[in-house]
Amino acid sequence: MHDLMREFFSNFYLFDYDDREPQFYFGVPFVGNFAFTNLSFIFWIDCFLLFSLQSVINLSLALFVHIVIVQPLREGRVKHAFLIGYGVLIPALLYGPFYVLDLLGFNNVTFMLTLVGAVPNLLLLRVVEAMHGMLPSFTEESIGNFALYYSATLHVAIDKKTGRPERFTKQIFWLKLRRFLSLFLQTSLLYSILLPFDYSIAPKRDVNNIIDLFYWGNLINAFLMASLTSLVLDGGASGLGLLTSMCSGINLQQFAKSPLSQSSSPSDFWGNRWDRPVASGLKRGAFCPLRKSGCNRHVAAVLTFILSGCIHEYVLLLMAMRHGPRYNNPKETQYEPTFGKHFVFFAWNAIVLLLERRLEGHVFVSWLGSNLPKRVRTALVLLTVLPIAHLFTDEYVNSGFFSDAALAFPRITYVNY
């Protein structure tokens with residue numbers, strides 16, 4: 001079985017290592033010579049194939065969930081639905097990605113997460129929201145709508161007037177294409193800057209006290225890595241989403257909404273702008289069920305962030321399934337996750353959101369919100385995240401995720417001769 005599957009996916013093993021050669025060289029007067037390395041179009045095609053395969057997996061789960069959870073709940077068999085959900089489906093979803101990755105033996109972390117990354121972040125949460133009656137209203141109209149909601153890793157855009165899935169029109173196509181090209185160019189430029197410096201362009205200082213967290217070099221590196229994270233995720237989702245919409249005729253929601261340049265508060269950053277599919281999944285699959293069970297709003301918010309930290313720690317286990325060394329990084333060693341960092345990162349941001357809720361009615365905080373320029377408010381929001389952002393991004397650097405994803409983008413490299 002292993003040999004058969006690996007033969008079928010043999011093309012995917014071509015991207016274990018980034019061996020692209022420069023397409024051409026050019027010089028800039030008084031600056032130096034540069035090399036242009038093109039993107040790999042086949043890499044994008046392979047990602048789309050894995051993304052489509054993930055949708056097939058999602059669809060299969062949707063039909064099963066509808067039969068063993070949704071229908072029993074409608075018939076009043078709550079214990080049956082909860083027993084199947086918590087006792088069978090969720091354990092199976094937690095174990096399944098390890099079996100799949102072991103079977104395929106991928107060495108590219110981007111491929112690994114494109115295929116199974118949505119399982120803990122979305123599918124598991126969608127099972128919980130189905131059990132607790134938190135599904136979007138349009139899914140109750142037909143099993144087709146329910147299957148559509150489940151099969152889409154990126155959330156389906158809903159027409160506000162009709163309450164139904166939004167059609168993918170020519171006008172939307174051009175808007176989405178323009179946005180994707182903008183993200184694509186920004187990501188390519190940032191890779192060109194960061195890759196030669198192993199993702200740390202500014203001087204670094206070891207963190208031994210709170211003051212070191214705000215060292216200017218650490219903050220610059222953190223901002224650039226947060227930008228790269230946002231661009232890679234948003235650019236990849238935009239490109240794959242565009243291809244999906246072209247094939248299906250259905251519009252998909254925007255993955256992110258300028259979290260690093262437009263956020264007005266910590267809750268706006270996490271709830272409305274950063275990784276919106278996961279934010280929506282956590283709201284329906286964690287926060288709302290906790291509130292329904294009688295949890296205080298603030299307690300539910302903290303527990304939701306803690307759950308998010310646990311999910312991201314689980315993702316580290318998936319990335320550690322990479323077979324062999326991290327070829328696309330300077331240190332060709334096997335990736336070993338450092339557990340606890342992601343949990344601390346999300347626990348801290350839960351405290352920040354709790355403080356925001358507690359202080360939002362304060363006269364001074366209200367004055368700041370009304371009088372400070374938008375850019376200054378955004379900078380203050382980022383200062384609640386950036387000092388410890390390395391706890392999140394370091395694991396993705398060490399696992400080889402960023403270097404693996406670089407295959408999807410061209411880059412310009414300085415040649416010192």
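The values are calculated or read from the model by the stated rules, or taken from the named source; none is laboratory data. Quick caveat: nothing in here was measured; it's all calculated off a predicted structure. A quick note on method: Cβ atoms are made from the backbone with ideal geometry, for glycine too, and the neighbour counts reach across all protein chains shown. Keep in mind that these areas ignore ligands, DNA and RNA; they rest on the heavy atoms of the full protein, side chains included. Shrake-Rupley method; radii C 1.70, N 1.55, O 1.52, S 1.80 Å.
Taking the options Ala226, Ala237, Ala256, name whichever one is touching a residue at least 24 places away in the same chain (Cβ under 8 Å) and assigned to a loop (DSSP other than H, G, I, E, B).
Details: Ala226 fails: assigned to a loop (DSSP other than H, G, I, E, B); Ala237 fails: assigned to a loop (DSSP other than H, G, I, E, B).
Exactly one residue qualifies, and that residue is Ala256.
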Give all pairs with beta carbons closer than 6 Å in which a residue from the range 30-58 that is closer than 17 Å to Pro196 by Cα meets a residue that is among the basic types (Lys, Arg); count only pairs at least 6 apart in sequence or on separate chains.
Thr37/Arg20; Thr37/Arg411
Among the helices (runs of 4 or more DSSP H) lying completely within the range 357-405, list those that include at least 1 residues that are at pLDDT 85 or above.
374-382, 390-399, 401-405
List every residue pair whose Cβ atoms lie under 8 Å apart, where the two residues are 6 or more positions apart in sequence or sit on different chains, the first residue falls within the range 272-298 and is within 20 Å of Arg357 (Cβ to Cβ) and outside any loop (DSSP other than H, G, I, E, B), and the second residue, located anywhere, is aromatic (Phe, Trp, Tyr) and open to solvent by 30 Å² or more (accessible area, probe 1.4 Å).
Ala279/Trp270
Restricting to the range 367-383, what's the tally of residues that are within 23 Å of the chain's Cα centre (by Cα) and within 14 Å of Arg273 (Cβ to Cβ)?
3
Just need a number here: residues in the range 171-215 that are open to solvent by less than 70 Å² (accessible area, probe 1.4 Å), assigned to a helix (DSSP H, G or I) and more than 28 Å from Ala408 (Cα to Cα).
2
Residues Leu94, Leu113, Leu83: which one is free of Cβ contacts under 8 Å to residues at least 24 places away in the same chain and open to solvent by 30 Å² or more (accessible area, probe 1.4 Å)?
Leu83
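Being touching a Pro at 6+ places or on another chain (Cβ under 7 Å), more than 30 Å from Ser366 (Cβ to Cβ), touching a residue at least 12 places away in the same chain (Cβ under 8 Å) and buried (at least 21 other Cβ atoms within 10 Å of the Cβ) is the requirement here; does Val232 meet it?
Values: touching a Pro at 6+ places or on another chain (Cβ under 7 Å): no; more than 30 Å from Ser366 (Cβ to Cβ): yes; touching a residue at least 12 places away in the same chain (Cβ under 8 Å): yes; buried (at least 21 other Cβ atoms within 10 Å of the Cβ): yes.
No; evaluated as a whole, the condition is false for this residue.
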